[in-house]
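Note sheet for the following structure.
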Amino acid sequence: MLITTAGRTDEKMIARAQELAHKFNARYVPRNKKSVLMIMNEWKNDCIVVGKNRLELYPFGEQGNPFFFHPNSSMFRIKRLQKGECDPFIDAARLESGMKLLDCTLGLASDSIVASYIVGSTGSVIGVEGNPFLAYLVKEGLQRWDSEVDDINRAMRRIDVIHNHALNVLKQQPNNSFDCVYFDPMFEETIVESDGIKGLSKFALQESLSEELIKEALRVASKRIVLKDHFRSKRFYQFPFSIIRRKTSKFHFGVIEKT
């Protein structure tokens, strides 16, 4: 991984870039008026760009769609909930104030942010991300982003981000320690209009569900496990999910209730 700064840089950005390079044992590259694409081509690697207000993660060879943290759809979803409207994920997971959620596929954290808003300060949300760079960018974003809405800011700050593989984290948890365990793996089919995941897809770990993963999730969940996936996904049928079909959406939810 390469670490550089935005085009218009300053000493603060340089210091942070050097700090990140040390943290990840990565190479710090001074910007020196070069484009990000030029820097990546020179060193043949992905690149994190430290800007004034955010970090951007560029896949090697591309400059168009970097990954950066943004609350994404969670903001308008929470605003809908505040108006008394429903949210499909919250309904599928049946989350309420005080509950505990383990999000095994954190990604941009949109679902975790909405969950954190619902479970509130008496509940908890832990998000697991296998890629160390994505985990860091999202963790930093959740702590730093100002949505200008206090309830959303508080929901973001409460989320605990863990860099690890989901199976490892599940194995470390006691029986029935979370009300709900959630999976939102990368879809087997691309949804073209999902702009929010374009930058993410280059770096997200392409892990699928396994018998062992589901077994551990069922051990850890006290109430249910939930899967979000493309409506054509075979994963709904590999395991005993009850499918919540959504006629107007390209993704459905599957639920396994604990008996």
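Can you give me the number of residues within region 127-163 that are under 19 Å from residue 20 (Cα atoms) and not acidic (Asp, Glu)? Even if it seems obvious, please write down each step before you answer.
Going residue by residue through region 127-163, those that are under 19 Å from residue 20 (Cα atoms) are 129-145, 161-163.
Next, only the ones that are not acidic (Asp, Glu) stay: 130-139, 141-145, 161-163.
Within region 127-163, residues that are under 19 Å from residue 20 (Cα atoms) and not acidic (Asp, Glu) number 18.
Quick one: residue 57 ticks every box in (1) over 21 Å from residue 158 (Cα atoms); (2) among the hydrophobic types (A, V, I, L, M, F, W, C); (3) under 15 Å from the mean Cα position of the chain (by Cα); (4) assigned to a loop (DSSP other than H, G, I, E, B) except a single one, so which number is it?
Going through (1) over 21 Å from residue 158 (Cα atoms); (2) among the hydrophobic types (A, V, I, L, M, F, W, C); (3) under 15 Å from the mean Cα position of the chain (by Cα); (4) assigned to a loop (DSSP other than H, G, I, E, B) one by one, residue 57 breaks only (4).
Could you look through region 110-135, keep only residues that are modelled with pLDDT under 95 and in a loop (DSSP other than H, G, I, E, B), and pick out the one that is surrounded by the most Cβ atoms within 10 Å (Cβ to Cβ)?
Top of the filtered list is 130.
Filter region 43-54 for residues that are outside any loop (DSSP other than H, G, I, E, B) and touching a Lys or Arg at 6+ places or on another chain (Cβ under 8 Å); which is nearest to residue 9 (Cα to Cα)?
First, pick out the residues of region 43-54 that are outside any loop (DSSP other than H, G, I, E, B): 43, 47-50.
Restricting the remaining residues to those that are touching a Lys or Arg at 6+ places or on another chain (Cβ under 8 Å) gives 43, 50.
Details: 43: 21, 50: 9 Å.
Going through the qualifying residues, I end up with 50.
Please work out which one of (1) assigned by TED's automatic domain parsing to the domain that holds residue 132; (2) at pLDDT below 95 is the condition residue 53 fails and give its number.
(1)
Test residue 52 against the stated conditions and say whether it is among the basic types (Lys, Arg), within 22 Å of residue 16 (Cβ to Cβ), out of contact with any strand residue (DSSP E or B) (no Cβ under 7 Å at 6 or more places or on another chain) and surrounded by fewer than 20 Cβ atoms within 10 Å (Cβ to Cβ).
Numbers: among the basic types (Lys, Arg): yes; within 22 Å of residue 16 (Cβ to Cβ): yes; out of contact with any strand residue (DSSP E or B) (no Cβ under 7 Å at 6 or more places or on another chain): yes; surrounded by fewer than 20 Cβ atoms within 10 Å (Cβ to Cβ): yes.
Yes.
For residue 87, state whether it is in contact with a Leu (Cβ under 9 Å, 6 or more places away or on another chain), within 17 Å of residue 228 (Cα to Cα), surrounded by fewer than 22 Cβ atoms within 10 Å (Cβ to Cβ) and modelled with pLDDT of 95 or more.
Values: in contact with a Leu (Cβ under 9 Å, 6 or more places away or on another chain): yes; within 17 Å of residue 228 (Cα to Cα): yes; surrounded by fewer than 22 Cβ atoms within 10 Å (Cβ to Cβ): yes; modelled with pLDDT of 95 or more: yes.
So residue 87 fits the description; yes.
How about region 1-13: which of its residues are under 27 Å from the mean Cα position of the chain (by Cα), more than 14 Å from residue 54 (Cβ to Cβ) and part of a helix (DSSP H, G or I)?
Hits for region 1-13: nothing passes.
Criterion first (crowded, with 24+ Cβ neighbours inside 10 Å and either at pLDDT below 95 or outside any helix (DSSP H, G or I) (or both)) does residue 95 satisfy it?
Details: crowded, with 24+ Cβ neighbours inside 10 Å: yes; either at pLDDT below 95 or outside any helix (DSSP H, G or I) (or both): yes.
In short, yes.
I'd like the residue in region 136-186 that is in a loop (DSSP other than H, G, I, E, B) and under 16 Å from the mean Cα position of the chain (by Cα) and, out of all such residues, is modelled with the highest pLDDT. Lay out the reasoning, then the answer.
Step one: of region 136-186, the residues in a loop (DSSP other than H, G, I, E, B) are 145-149, 159, 164-165, 172-177, 184-186.
Then drop every residue that is not under 16 Å from the mean Cα position of the chain (by Cα), which leaves 145, 159, 164-165, 184-186.
Values: 145: 93, 159: 98, 164: 95, 165: 94, 184: 92, 185: 87, 186: 66.
It comes out as 159.
Being of a type in the set (A, V, I, L, M, F, W, C), out of contact with any strand residue (DSSP E or B) (no Cβ under 6 Å at 6 or more places or on another chain) and within 21 Å of residue 109 (Cα to Cα) is the filter here; which residues of region 56-81 pass it? I'd like the intermediate steps shown before the answer.
Quick first cut of region 56-81, residues of a type in the set (A, V, I, L, M, F, W, C) only: 57, 60, 67-69, 75-76, 78, 81.
Next, only the ones that are out of contact with any strand residue (DSSP E or B) (no Cβ under 6 Å at 6 or more places or on another chain) stay: 60, 69, 75-76, 78, 81.
69, 75, 76, 78, 81, listed by residue number.
The values are calculated or read from the model by the stated rules, or taken from the named source; none is laboratory data. Please read these numbers as outputs of a predicted model, since none were measured by experiment. Cβ atoms come from the backbone with ideal geometry, glycine included; neighbour counts cover every protein chain shown.
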